[in-house]
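Right, one structure below, let's go through it.
The values are calculated or read from the model by the stated rules, or taken from the named source; none is laboratory data. None of the values given here were measured: they were computed from a predicted structure. Neighbour counts run over all protein chains shown; Cβ positions are idealised from the backbone, glycine included. Side chains are part of the model used for accessible areas, which takes the heavy atoms of the whole protein and leaves out ligands, DNA and RNA. Shrake-Rupley method; radii C 1.70, N 1.55, O 1.52, S 1.80 Å.
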Amino acid sequence: MNNFVRKAVSFNVDNAHQRELYEWVTLQSVGNFSGYVKTVLYAAMTAKISGAPMATHVIASGDDDSDAMNDIL
């Protein structure tokens, strides 16, 4: 029995913001992209639960991924 659930993450490397994010996460997660992403997500979740302030980075209006990213940044 397979207890794994897969969710794809796509990066539009023609978009400067997404390309920068892709390149950064690739360097940070050498050999274990999935594990690194889960670690970052866990940190975001625990910060939200504890009420700790999260980094706030405003995406410039017009970026094609801003609607998808605004609620987590």
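Within segment 42-58, residues that are under 22 Å from residue 21 (Cα atoms) and open to solvent by less than 90 Å² (accessible area, probe 1.4 Å) have Cβ atoms under 6 Å from residues that are in a loop (DSSP other than H, G, I, E, B) and modelled with pLDDT under 90 in these pairs: 47/54, counting only partners at least 6 apart in sequence or on another chain.
Starting from residues that are aromatic (Phe, Trp, Tyr) and not in a helix (DSSP H, G or I), keep the ones in segment 1-27 and report whichever is nearest to residue 38 (Cα to Cα).
Narrowing segment 1-27 to residues aromatic (Phe, Trp, Tyr): 4, 11, 22, 24.
Keeping just the survivors that are not in a helix (DSSP H, G or I) gives 4, 11.
Numbers: 4: 13, 11: 17 Å.
So, considering only residues that are aromatic (Phe, Trp, Tyr) and not in a helix (DSSP H, G or I), the one nearest to residue 38 (Cα to Cα) is 4.
Within segment 30-49, the set of residues being not hydrophobic (A, V, I, L, M, F, W, C) and not in a helix (DSSP H, G or I) comprises 31, 32.
Just need a number here: residues in segment 1-18 that are open to solvent by less than 90 Å² (accessible area, probe 1.4 Å) and either of a type in the set (Lys, Arg) or under 12 Å from the mean Cα position of the chain (by Cα) (or both).
Taking segment 1-18 as the starting set, the residues that turn out to be open to solvent by less than 90 Å² (accessible area, probe 1.4 Å) are 9, 11-13, 15-18.
From the residues that got through so far, the ones that are either of a type in the set (Lys, Arg) or under 12 Å from the mean Cα position of the chain (by Cα) (or both) too are 9, 11, 17-18.
Number of matching residues: 4.
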